[in-house]
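Take a look at the structure set out below.
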Amino acid sequence: VPESFNSLQAYAKDKLSVQMMELFEACQQQPPDLERKERCRARLQEDIQSIYAVARLYLTGSSMNGLGCRSSDADLCLVIKGNKRPDPIQVLSRLQRTFRTLSYVERTQLIRAKVPILRFRERGSDLEFDLNINNTVGIRNTFLLRSYAYADLRIRPMILVIKKWARHNQINDASKGTLSSYTLVLMVLHYLQTLKEPVLPSLQRDYPECFSHFMEIDMVPEGPKRVPPYLSRNHSSLGELLLGFLRYYATEFRWDKEVISVREARALPKTNSKEWTNKYICVEEPFERNNVARAVHEKIKFDAIKAEFAESYRILRDRKDLNSILPVRAVI
Ligand code: ATP
Ligand code: MG
């Protein structure tokens, strides 16, 4: 690798790329943000252990995967081991009663989704938590995403800008039938893996021992430390990659025929399995291989998502200014 590509500036020589780098630097999660989340996690784990003695609490999601903003919530997974799988709703109801007695917790709310969660805030702050029970795939995929995030300097700024763009344009909310952040991240990784000169490989293929399904859950956070950076021959700037991402989903990706697989670093043909038929968007979970984009189940929402890619691609291609698709001042 030429020395010049060891710093992000090397990929930010044009105006659009500089805008992306500046937005990233202004919004990315800071060390004190993570320290605050970690202090809360440790305190909660201790209080939870007075009910579930051997339970362990893990921070997951964007707080840990390198793709978080200063304003990101903190996702938590409570792992309760034992031969009998506990009912998550029962555990969360029990925790809710306990949390209401804790001085540093407020506004607890039980959400009965496919993966039930307890949502709450740190008292007197705007730090929000989403806690699930035993959804350990979230721990595995958090550390897989973390390895991708740090495999190349361009990944973190690129994904942060795309998350902000999607949020601003109201296509980043799974509870409203659009894309979850997790789905969006897998879509970006897929684009970077399938370029003629890829920016990313399949890490599950190249380092199977680091990302095995069977690794003990407490070992999972250590996996990424053993993955070296990927040396790509693709030296496209941040701006070129952003425009290429929008172009790919606006003009190239065949939504009706292809399944996004980050696990295999390619698009798979849609088979007739029930996971993929009659689904507007198919994005494979890298470990469980189910569809992470199942929240998009209304045609009107799917059309809105595609329209946003098409419109933003056209505008950015003509204007080459980040503000034309995302008012940077308003989102910092
Ligand atoms: P944000 O910064 O917007 O909070 P995030 O990276 O935390 O983004 P979310 O979509 O909130 O993304 O998901 C949080 C975590 O939950 C993900 O990192 C992933 O570990 C897990 N997760 C979310 N959706 C799924 C899913 N469909 N299947 C498996 N794990 C999921
Ligand atoms: Mg989150």
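Taken over the range 194-206, the criterion of being open to solvent by less than 70 Å² (accessible area, probe 1.4 Å) and in contact (Cβ under 8 Å) with a residue 60 or more places away in the chain is satisfied by THR194, PRO198, LEU200, PRO201, SER202, GLN204. A count restricted to the range 286-302 and to residues that are more than 16 Å from ligand 2 (Cβ to nearest atom), closer than 13 Å to LYS114 by Cβ and open to solvent by less than 50 Å² (accessible area, probe 1.4 Å) stands at 2. Within the range 1-51, restricting attention to residues that are assigned to a loop (DSSP other than H, G, I, E, B) and touching a Leu at 6+ places or on another chain (Cβ under 8 Å), the residue that is surrounded by the most Cβ atoms within 10 Å (Cβ to Cβ) is ALA12. Screening the candidates SER232, SER237 for the property of being in contact (Cβ under 8 Å) with a residue 12 or more places away in the chain, on the phi < 0 side of the Ramachandran plot, open to solvent by less than 30 Å² (accessible area, probe 1.4 Å) and touching a Pro at 6+ places or on another chain (Cβ under 7 Å) yields one hit, SER232. Considering the range 168-179 alone, what residues qualify as being in contact (Cβ under 8 Å) with a residue 60 or more places away in the chain and surrounded by 19 or more Cβ atoms within 10 Å (Cβ to Cβ)? Matches in the range 168-179: ILE171, THR178, LEU179.
Here ALA166 meets the list (1) under 11 Å from the mean Cα position of the chain (by Cα); (2) within 16 Å of ligand 2 (Cβ to nearest atom) almost entirely, failing just condition (1). Considering only residues that are open to solvent by less than 40 Å² (accessible area, probe 1.4 Å) and assigned to a strand (DSSP E or B), look in the range 52-74 and name the one that is farthest from ligand 1 (Cβ to nearest atom). The selected residue is LEU57. Of all residue pairs spaced 6 or more apart or on separate chains, those with beta-carbon atoms under 7 Å, a first member in the range 112-134 that is over 16 Å from MET64 (Cα atoms) and part of a strand (DSSP E or B) and a second member that is within 11 Å of ligand 1 (Cβ to nearest atom) and acidic (Asp, Glu) are ILE117/ASP130; ARG119/GLU128; ARG119/ASP130; ARG121/GLU128.
The values are calculated or read from the model by the stated rules, or taken from the named source; none is laboratory data. Everything numeric in this text was worked out from a predicted model, so none of it was measured. Positions of Cβ are backbone-derived with ideal geometry, glycine not excepted, and every protein chain shown enters the neighbour counts. Remember, those area values only see protein heavy atoms, side chains included, never the ligands or the DNA or RNA. Shrake-Rupley method; radii C 1.70, N 1.55, O 1.52, S 1.80 Å.
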